[in-house]
Every structure is written in C-alpha cells, then in structure tokens.
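Trainee: The structure follows.
Please treat every number below as a calculation from the coordinates, not as lab data. No experiment lies behind these values; they were computed from the predicted model shown. Neighbour counts are summed over all protein chains in view; Cβ atoms, including those assigned to glycine, are modelled from backbone coordinates with ideal geometry.
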Amino acid sequence: MDGLQTIDARETAGREFRYFDFVMVAFVVILLLSNVIGAGKPAVVDLPFIGPWPFGAGILFFPLSYLIGDILTEVYGYARARRCVWAGFAALIFMAFMEQVVVALPPASGWTGQSSYEYVFGKSIFVSPEAATGLRIIFASLTAFWVGEFANSFVLAKLKILTQGR
C-alpha cells in the first residue's frame, strides 16, 4: 500500500464539500469580470507623494481570486484548488475567444458603437493584423494567471504540510 486511499464519489458528497461549487463559481466570475472590467475602464487615483496613478479598474477585484484560491486550497485541498484554477483558465480562454469572434462580426447597419466596442475589447485577430498586440496581452495574462495561481496553491499546500495543518 502506498498510503493513498481510494474513495467513492458518494463519500465526497458530504458536508465538507457543501459550498465548493459556489466558491468555484465565485472564483471564475471574479476572474472573468476582472478582465472585462479592467479592459473597459481605466481609472486614476491621486497618490500622496506620487501623483496621479492610472490603473485598469479590474485590478481592484482581481486580488479576491487569490484570496478565494487560498480558501479553496486550505478548505478543499490542493487537488480541488487545481480543478478551480483549470476551470478559471478554460473560462478565460473561452471568454477571450468569444470577445474576438464578437468584435469580428460585422455591425448591424445603423449601429455606431463598433469603434467604441473595439476600443474596449480590442481589435479582433480575425480581421486586423495589428491586433497581434492584443493577442500577446491575452497570452501574457493567461500565462501570468496560470503560473501565479498554481504557484500560490502549491506553496500554500506545502506550508500546510510543513506546519502540520496549523
């Protein structure tokens, strides 16, 4: 025996995983909305001794994803936290693809918001060669999220082992 215990799915339907689905949904929604809000609204705050500091508004809520990631690792374990990170990663890829497709669709006649829409969501890689910059930003964002969340969950899980659950 290698110390691993096999459990049936019915055994995990108990109380300890009661809110897992809700926490995972909150995690994914915060990720998606942080990206949409961040792209859609640049903001500025006046910092003492520094002056005006511009930032994407999505940055206000993105740290909550790390907090929820820590809660997932602490309460539900590293394996379930990894599932949530993968779910968030897949949702971000799907959202980026949907944004690109929707921006590439020809606008209805009479609709004057296409340029504003492209300003917020970027030009589509399907119709515009200069959209490569947007594609690099999407790729960099996905990579940073993936590496950051997995590193965060891994370190927290190892710390829990080293501190014997304290």
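Trainee: Fully extended, how many nm does the chain gain between Ser115 and Phe61 (0.36 nm per residue separation, minus their Cα-Cα distance)? Walk me through the intermediate numbers first.
Mentor: Values: separation 54, 0.36 × 54 = 19.44 nm, distance 2.69 nm.
Taking Ser115 through Phe61 to full extension adds about 16.7 nm, to one decimal.
Trainee: Restrict the search to segment 40-72; then list the chymotrypsin sites (Phe, Trp or Tyr not before Pro) that DSSP places in a loop and that have at most 13 other Cβ atoms within 10 Å of their Cβ.
Mentor: Answer by residue number: Phe49.
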